[in-house]
1. Pairs under 8 Å by beta carbon, first residue on the phi > 0 side of the Ramachandran plot in the range 45-70, partner outside any helix (DSSP H, G or I), six or more apart or different chains?
2. Within the range 62-101, how many residues are under 15 Å from Ala31 (Cβ atoms), of a type in the set (Gly, Ala, Ser) and not in a helix (DSSP H, G or I)?
3. Go through the range 1-49 residue by residue and tally those that are at pLDDT 95 or above, among the basic types (Lys, Arg) and either closer than 27 Å to Arg104 by Cβ or part of a strand (DSSP E or B) (or both).
4. With respect to Gly109, determine if the residue is in contact with a Cys (Cβ under 9 Å, 6 or more places away or on another chain), over 17 Å from Leu8 (Cα atoms), surrounded by fewer than 22 Cβ atoms within 10 Å (Cβ to Cβ) and modelled with pLDDT under 95.
Amino acid sequence: MSELEKRLMSAIGLCMKAGKLASGEFAAEKALKTGGRLALVDENASDNTKKQWRDACEFRSVPILFVRELGAAIGKSARMCAVVTDGGFARMIASAAQKLREERDGGAGCTGCENEETDKSEKQNVYHTEAETND
């Protein structure tokens with residue numbers, strides 16, 4: 001695991017410890033509906049789960065990040081989704097994810113985004129975001 005991957009996992013874990021992360025299907029969905037700032041979905045989640053979260057985040061204009069080992073980062077191994085409820089933590093996690101993506105892609109622009117209207121400067125994801133960042 002690279003230093004940037006550790007930084008991302010630490011940021012997610014710190015958010016969980018601070019009580020600003022709702023994890024699990026029902027708690028995360030409720031948090032998303034009541035002002036969630038950033039959705040996190042494990043990249044190993046089923047295609048159906050990924051589609052469900054993409055659609056929900058697009059509808060509410062909430063950014064979504066697909067991350068590796070989400071459950072390990074928050075200390076709950078079976079979790080496939082979580083929602084950050086604090087803007088500061090959302091920015092910290094998105095920034096760490098952006099740096100990791102730049103390292104992996106060599107700083108290349110975002111590829112494969114489904115929401116092409118999103119400004120490239122706001123695409124902060126390990127792979128890509130699918131909604132604009134709300135502050």
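The values are calculated or read from the model by the stated rules, or taken from the named source; none is laboratory data. Just so it is clear, the structure is predicted and the values come from calculations on it, not from any experiment. Cβ sites come from the backbone with ideal geometry, for glycine too, and all protein chains shown count toward neighbours.
1. Listed pairs, sorted by first residue: Ser61/Ala131; Ser61/Glu132; Ser61/Asn134; Glu69/Asp42.
2. Total satisfying the criteria: 1.
3. Total meeting the criteria: 3.
4. no
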